[in-house]
1. I'd like the full set of residues that are in a helix (DSSP H, G or I) and among the small types (Gly, Ala, Ser), limited to region 137-168.
2. So how many residues does region 116-148 have that are within 20 Å of residue 201 (Cα to Cα) and either of a type outside the set (Val, Ile, Thr) or in contact with a Gly (Cβ under 7 Å, 6 or more places away or on another chain) (or both)?
3. Looking at this structure, is residue 166 over 22 Å from residue 76 (Cβ atoms) and either of a type in the set (Ser, Thr, Tyr) or touching a His at 6+ places or on another chain (Cβ under 9 Å) (or both)?
4. Looking at (1) within 21 Å of residue 155 (Cα to Cα); (2) modelled with pLDDT under 95; (3) surrounded by fewer than 21 Cβ atoms within 10 Å (Cβ to Cβ), which one does residue 61 not meet, given that it meets all the others?
5. When you scan region 81-95, how many residues do you find that are touching a strand residue (DSSP E or B) at 6+ places or on another chain (Cβ under 7 Å) and either over 16 Å from residue 181 (Cβ atoms) or not in a helix (DSSP H, G or I) (or both)?
6. Output the residue which, of all residues in region 55-67 that are touching a residue at least 40 places away in the same chain (Cβ under 8 Å) and touching a helix residue (DSSP H, G or I) at 6+ places or on another chain (Cβ under 9 Å), is farthest from residue 108 (Cα to Cα).
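The values are calculated or read from the model by the stated rules, or taken from the named source; none is laboratory data. All figures in this text were calculated on a predicted structure; none of them were measured in a lab. Cβ atoms come from the backbone with ideal geometry, glycine included; neighbour counts cover every protein chain shown.
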Amino acid sequence: MNRTPWLLLIALAVVGTITVVSLDHGTASSSSSASASADDVPFGELLKDNSSGVLSARDGVIPETASVFDDGIPAVAKLDDDLLAALRRAATDADQAGVTVRITSGWRSPEYQDQLLREAVGKYGSVAAASRWVAAPDKSAHVSGDAVDVSSNRAAQWLQRHGARYGLCRTYGNEVWHFQLRPDAPQQGCPAMYADPTEDPRMR
């Protein structure tokens with residue numbers, strides 16, 4: 001009896017099984033990676049995709065993080081003068097304490113803000129849900145140059161402890177990275193935070 005055909009069939013079956021297992025493993029890994037990426041939100045900015053590639057630094061896009069002393073970056077240079085001065089004083093003192101204060105977002109163009117809002121609507125499913133994280137361009141403190149998002153937990157924690165003396169206050173309970181200038185804070189302390197931007201009367 002010629003065993004060669006049988007041996008070939010067995011070999012093919014083994015190879016097929018290995019291939020299926022390998023494909024299944026690859027699919028599982030890809031699904032796992034996709035899930036991890038979707039949940040991996042960089043600190044300091046919830047939605048910084050800029051996947052269209054249309055916007056640039058001229059719109060306030062910061063690829064990674066920026067020094068608050070870099071006047072060559074529009075996101076920094078176009079901030080409100082008083083906010084920027086306070087931020088630089090705070091960053092100088094924080095550095096003496098071993099904490100680096102950098103930002104992931106500052107001033108934004110209306111076009112950039114609109115893109116972020118559209119991406120948030122896509123992520124959260126509705127304008128109402130997205131508005132908890134991203135304001136409309138005509139309401140945004142980033143567009144007016146009155147807000148910054150800091151780049152690390154250490155910087156955010158330092159500013160929350162010491163920011164009031166510079167007039168820098170965390171604004172929203174759901175955004176530990178978002179700070180705005182409150183001129184009365186050095187004397188009166190920071191006002192109570194809003195839970196999210198939808199509770200901020202300035203956003204209405």
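1. 155, 156, 163, 164
2. 20
3. No; evaluated as a whole, the condition is false for this residue.
4. Here residue 61 meets the rest and fails (2).
5. So the first thing to find is which residues in region 81-95 are touching a strand residue (DSSP E or B) at 6+ places or on another chain (Cβ under 7 Å), and the list is 82-83, 86-87, 90.
Remaining after also requiring either over 16 Å from residue 181 (Cβ atoms) or not in a helix (DSSP H, G or I) (or both): none.
Total meeting the criteria: 0.
6. For region 55-67, the residue satisfying everything is 66.
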